[in-house]
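Trainee: First, the structure itself, so that you have it in front of you.
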Amino acid sequence: MNKGDKAEKRIIKDSLFPVSLFAIYLGVLLLMSGIHQGLVVLMNTLELNSFIQTLIPTIYWSAVAVGLTLFTRKKMRDTYEEPLHRLADATQQVAEGDFSVYVPTIHTSDKLDYLDVMILDFNKMVEELGSVETLKTDFVSNVSHEMKTPIAVIKNYAELLRMKNVSDEEKAEYARSIEEAAGHLSSLISNILKLNKLENQRIDPEIGSYDLCGQLEESILHYEELWDEKELELEVDMEEKAVIQADPSLMELVWNNLLSNAIKFTEHGGKVTVRQITDGEYVEVSVSDTGCGMSKESIRHIFDKFYQGDTSHSKEGNGLGLALVKRILVLMNGDIQVVSQEGKGSTFTVKLPRRIENENGAEVDR
């Protein structure tokens, strides 16, 4: 919903003190003036002395002035001071880290004024701050947990290496385990830094035209040893050339993550399929596997940071790869869709804008 739609649904009064209030003041003063004239006529009729004729109007108008002053004071307090005091107290609570604050509006939703709108915006801001704080807390908690595991592995195997009567084979095994844990830790830190730079827009994508098919071939060859190790069947269906408009270095991260996940979650002897097609103004790339697949709940959270639907493979990743993929594709004006079924595998489909050639063979944007 845009701002225009919100403005249509909200009837916002321009002033805290409406015209009707001033009409009340005018009516009261006219009525009091009429009563005053009646008192004067009555006093003349009764032929009261001049002192009493002066004293009674003075007392009368003093009572009127006190009444109007108290009424005005109450309206100002109810309409202006008390809401602002509540807002000030709430602001102080937020400054102290309490994001559960809620300030009620003065009027109902059909009679809002600009102070009510300010209170509603404040409540929304506090809610957003609370969400950000929760995400930050979860992020720190997840980072701490992910780092703790490889550090514990390195510590334990380092202690084993210091023990006496350790054979050369055992030393080699312990050293290999330390190397794997250090690699996992290095990958985690690297992905955190990359994701942080992407989310804070500290990376300026170097958008250019390049051949996607060539990049995909290089990425596939990069995992040749893993294909052979797991004896996976690889099916590749691509065009000879497909020119896209994107940052090659960032897109390399996308393909590496999708291919490594397909290999990781496919059982020994399974099949991975990479297909690329050009569809109008877009190029589509799909990476499919015959692995364990995902539940509907996992699909909903698959692009969340640190989310790992299949915990049996958690030691092989840190749950940041697909979060990186999603963020990169947003920067490239692309999209990614997931289709998966438990026990039957998953398909990730990436859609990217392409470039076409004009009649002279020069590439032009679509």
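Trainee: Assuming Ile119 fulfils every condition listed in (1) modelled with pLDDT under 80; (2) surrounded by 15 or more Cβ atoms within 10 Å (Cβ to Cβ) apart from one, which condition is it?
Mentor: The single condition Ile119 does not satisfy is (1).
Trainee: Let me ask something additional. Tell me, please, whether a residue that is among the small types (Gly, Ala, Ser), touching a residue at least 40 places away in the same chain (Cβ under 8 Å) and outside any loop (DSSP other than H, G, I, E, B) can be found in the stretch 60-74.
Mentor: Checking the stretch 60-74: not a single residue is among the small types (Gly, Ala, Ser), touching a residue at least 40 places away in the same chain (Cβ under 8 Å) and outside any loop (DSSP other than H, G, I, E, B).
Trainee: Counting only residues that are of a type in the set (Ser, Thr, Tyr) and closer than 25 Å to Ile151 by Cβ, which one in the stretch 163-177 is surrounded by the most Cβ atoms within 10 Å (Cβ to Cβ)?
Mentor: Step by step, filter the stretch 163-177, then rank; the result is Tyr174.
Trainee: Output the residues belonging to the stretch 210-251 that are within 33 Å of the chain's Cα centre (by Cα) and loosely packed, with under 14 Cβ neighbours inside 10 Å.
Mentor: Within the stretch 210-251, Ser249 is the sole residue that qualifies.
Trainee: Only one of Val143, Val94 is closer than 30 Å to His184 by Cβ and either open to solvent by less than 50 Å² (accessible area, probe 1.4 Å) or at pLDDT 75 or above (or both). Can you tell me which?
Mentor: Val143
Trainee: State all residues of the stretch 300-341 that are under 23 Å from Pro150 (Cβ atoms), modelled with pLDDT of 55 or more and open to solvent by 30 Å² or more (accessible area, probe 1.4 Å); if no residue qualifies, say none.
Mentor: Residues satisfying the conditions are Asp304, Lys305.
Trainee: If you don't mind, there's one more thing I want to ask. Specify the residue that is nearest to Tyr210 (Cα to Cα); the eligible residues are those in the stretch 344-366 that are modelled with pLDDT under 85 and part of a loop (DSSP other than H, G, I, E, B). Before you say what the answer is, go through the steps one by one.
Mentor: Here is the first cut: in the stretch 344-366, the ones modelled with pLDDT under 85 are 354-366.
So of that shortlist, the ones also part of a loop (DSSP other than H, G, I, E, B) come out as 358-362, 366.
Working: Asn358: 16, Glu359: 19, Asn360: 18, Gly361: 15, Ala362: 13, Arg366: 15 Å.
Per the stated criteria, the residue is Ala362.
Trainee: Condition first: modelled with pLDDT of 90 or more, part of a helix (DSSP H, G or I) and closer than 20 Å to Leu324 by Cβ. Can you find one or more residues in the stretch 199-213 that meet it?
Mentor: Looking for residues that are modelled with pLDDT of 90 or more, part of a helix (DSSP H, G or I) and closer than 20 Å to Leu324 by Cβ, one finds at least one in the stretch 199-213, hence yes.
Trainee: Pairs please, first residue from the stretch 10-37 and under 29 Å from Ile56 (Cβ atoms) and at pLDDT 65 or above, second anywhere and surrounded by 13 or more Cβ atoms within 10 Å (Cβ to Cβ) and not polar (S, T, N, Q), Cβ atoms under 6 Å, 6+ apart in sequence or on different chains.
Mentor: Pairs that qualify, where the first residue is under 29 Å from Ile56 (Cβ atoms) and at pLDDT 65 or above and the partner is surrounded by 13 or more Cβ atoms within 10 Å (Cβ to Cβ) and not polar (S, T, N, Q), are Met32/Val64.
Trainee: Could I ask something else about it? Would you please list the contacts, defined by Cβ atoms under 6 Å and residues six or more apart or on different chains, that run from a residue in the stretch 278-299 that is buried (at least 20 other Cβ atoms within 10 Å of the Cβ) and at pLDDT below 85 to a residue that is of a type outside the set (S, T, N, Q) and outside any strand (DSSP E or B)?
Mentor: That search, which allows pairs on different chains as well, returns nothing.
The values are calculated or read from the model by the stated rules, or taken from the named source; none is laboratory data. Computed from a predicted structure; not experimentally measured. Cβ: placed from backbone, ideal geometry, glycine included. Neighbour counts: every protein chain shown. Ligands, DNA and RNA are stripped out before the accessible areas are found, and what is left, the full protein with its side chains, is counted by its heavy atoms. Shrake-Rupley method; radii C 1.70, N 1.55, O 1.52, S 1.80 Å.
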